[in-house]
Every structure is written in C-alpha cells, then in structure tokens.
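The values are calculated or read from the model by the stated rules, or taken from the named source; none is laboratory data. Here the structure is a predicted model, which means the values were calculated and not measured. Virtual Cβ from ideal backbone geometry, glycine too; neighbours counted across all protein chains shown.
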Amino acid sequence: MATRAEAIDGAVGAYLTHARVERGLSPRTVEAYGRDLERFAAYLGERGLRALEEVDAGLVADFSSSLAARGLGARSRARALVAVRRLLRHSGADAALAGEGIEAPRIERALPKVLRSEESEALIQAAGEAEGPLGLRDRAMLEVLYGAGLRVSELVGLPCSALEARGGWLRVVGKGRVERLVPLGEPALAALGDYLEQARPALAGRREPEALFLTRRGAAMTRQNFFARLRGIARRAGIPQARVSPHVLRHAFATDLLEGGADLRVVQTLLGHADLSTTQIYTHVSRARLRETVEARHPRGAGGRRR
C-alpha cells in the first residue's frame, strides 16, 4: 500500500505530466505549477492528510493564507490556487473540493506600456537604417511584430512554412500549441519579401534552416538576441530603451487597432487570447490616451491652463 507521500506525490506527478503532454502548457508554467504543488503537498503532510480526497475547501483556503504569511505576492498565490484546483479535479476529487467559493487574491493589473504609433514607426525606420542583411532582417521582424501583434516567442519560432505570401497570412502557433491565422499588411509583406529575397539566403549560407528569421551565423533567432537588437534600434530611434520591448510592440498593435475602431473580439482573435478579459485591458489604455489628449489639448485641461 502506498504511503501518504507516495500517493500525493504520485497524483502531483501525474497531473504535471498531463499538463505538459496533453494540455500543452509551456515548460515555464509546468515548472511553476510544480513548485506550487510541492508546497501544497508539504502543507498536507504537515497536517497528516493521507490522500487528496481528504482535502476540503477550508483547507485550500488555509493553504492560500499560509502562502500570504510566507510573503508570497497576490499573483503567485493566485497561480498556486489555480494549480491546486486543477490537481484536485484531475485526481478525481469532487468539484466542491477544488476550492470553489474561495476568493482569489486580488491582483491590481497595471496598464501595459504602449508606444504611440509614430514611435512604432520610428523604430521600424531605425531598424532599416542598418546596412546589409541584418538591417533587412531587423526591419522585417519589427514589421511583423508590430503589424501582427505576435508574442516574441511566436516571432522567433516562426518557420518559413508559416508564411502564406500569396494570401498575406501568417500561420502562428501560440500558447497551448493553439494555431491561428494572422493577416499581414502590405508593409510587413514587403519587408518580408525583401528579407527573403536579399538577406536570408546570405545569412543561411549553405545551410537549410527551418527558422524564418536567422542570426548572422545562420542559426534561428533567439529571444535574447532579438531583445538586444531591439534595444539598439530604440537607441538609434531616440526612444528610451526602458520603454521598448517586444511585448510593448504587441501592446501597441492591440491599442492602435482598438483606437482605430476594431472590434474587441477581433483583437482577441488576432492576439490569440483565450480569455476576452485579457484583451479588455487595452480598452483602458485607450481611455487613458483619451484623457491625456484632453488634459494636454483642451482649454480646460492641465496643459490648456498652463498656456
């Protein structure tokens, strides 16, 4: 007969395998869940519980409180509760035991940093100022990042087969290995065409790499390499480097679409968000921009009163 530790640890291991293989969660998410569930298993052990079926909602709430007492932030506690609920459901515990009715830690969501459209354009122009294959590559990457709203992992992970140039689409594999089609505008398609014709063959040399975007050595571009290139491009564009990151350009894509009148659910689909509430934060960014405009331009705004 399995001991308490063996039974609970086995259930945790089975769930993490399920999360990684069947649900397709990212390695970083699975690793974080593993840490959370290790804490939970230790908490159960301290209370002498022998099986997950003995867990009730009160114990889950107490576990959350213990994490707060240890100094874990609201975001980390919320993630731990998600991990525990999913573990209990996967193990066959009744839904009532999965922590339902427990109030999740309140997380204050900060508005994302966003570049104005003219700043995004300045970045793209600065990227193309570098001569040779690297300049063509960098411009193409920024055009796709800003023009399609990709995550940086999606951008650097694009294979050549992802591009459907005739129809003007990118086939993108996002979180959870969910695939989506994203349309590309003419500037992005033109920049990609220049890169594929003039730059990529020079970077690839005699190799036949699968990756769309390559380093100077012909290897697949990495997140770290691209981030470093983007910081250099921001410096040339005269934009503070602290304000620029790949995700900021994704934010700019979403905000500029909404300010142009795009439907929120369309933007959700383009970004690959599973939950509409994740996309809705960009409506708050747009409202913040409206307020800034009124304060700066209206006679009764702060800027108008200073004039």
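Grab the helices (runs of 4 or more DSSP H) fully contained in segment 164-283, keeping just those with 1 or more residues being outside the structural domain of Ala126 (by TED's automatic domain parsing).
Working: elements: 186-194, 200-204, 223-237, 246-259, 264-271.
Because the criterion is at least 1 residues that are outside the structural domain of Ala126 (by TED's automatic domain parsing), no helices (runs of 4 or more DSSP H) in segment 164-283 meet it.
When you scan segment 29-65, how many residues do you find that are surrounded by 14 or more Cβ atoms within 10 Å (Cβ to Cβ) and of a type in the set (S, T, N, Q)?
Residues flagged as surrounded by 14 or more Cβ atoms within 10 Å (Cβ to Cβ) and of a type in the set (S, T, N, Q) within segment 29-65 amount to 2.
Return the residues of segment 33-64 that are of a type in the set (Val, Ile, Thr) and either touching a residue at least 60 places away in the same chain (Cβ under 8 Å) or under 14 Å from Ala7 (Cα atoms) (or both); say none if nothing qualifies. Steps first, answer last, please.
Within segment 33-64, the subset of a type in the set (Val, Ile, Thr) is 55, 60.
Matches in segment 33-64: Val55 only.
Against the conditions (1) among the aliphatic types (A, V, I, L, M); (2) modelled with pLDDT under 95; (3) surrounded by 13 or more Cβ atoms within 10 Å (Cβ to Cβ), where does Leu212 fall short? Just the number, please.
Of everything listed in (1) among the aliphatic types (A, V, I, L, M); (2) modelled with pLDDT under 95; (3) surrounded by 13 or more Cβ atoms within 10 Å (Cβ to Cβ), Leu212 misses just condition (2).
Considering only residues that are free of Cβ contacts under 8 Å to residues at least 24 places away in the same chain and closer than 17 Å to Ile124 by Cβ, which ones fall in segment 147-189?
Within segment 147-189, Glu186 is the sole residue that qualifies.
Do we have any residue at all in segment 24-40 that's assigned to a helix (DSSP H, G or I) and modelled with pLDDT under 85? Talk me through it step by step, then tell me what you get.
Taking segment 24-40 first, the residues assigned to a helix (DSSP H, G or I) are 27-40.
Checking which are modelled with pLDDT under 85 leaves us with none.
No, segment 24-40 contains no residue that is assigned to a helix (DSSP H, G or I) and modelled with pLDDT under 85.
Can we say Val172 is surrounded by 17 or more Cβ atoms within 10 Å (Cβ to Cβ), of a type in the set (A, V, I, L, M) and at pLDDT below 95?
Values: surrounded by 17 or more Cβ atoms within 10 Å (Cβ to Cβ): yes; of a type in the set (A, V, I, L, M): yes; at pLDDT below 95: yes.
Considered against the rule, which asks whether it is surrounded by 17 or more Cβ atoms within 10 Å (Cβ to Cβ), of a type in the set (A, V, I, L, M) and at pLDDT below 95, Val172 comes out as yes.
Residue-by-condition table, conditions (1) surrounded by fewer than 21 Cβ atoms within 10 Å (Cβ to Cβ); (2) modelled with pLDDT of 80 or more; (3) not assigned by TED's automatic domain parsing to the domain that holds Arg200:
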| position | (1), (2), (3) |
| --- | --- |
| Arg70 | yes, yes, yes |
| Leu88 | no, yes, yes |
| Gly92 | yes, no, yes |
| Leu111 | yes, no, yes |
| Ala122 | yes, yes, no |
| Gly128 | yes, yes, no |
| Leu136 | no, yes, no |
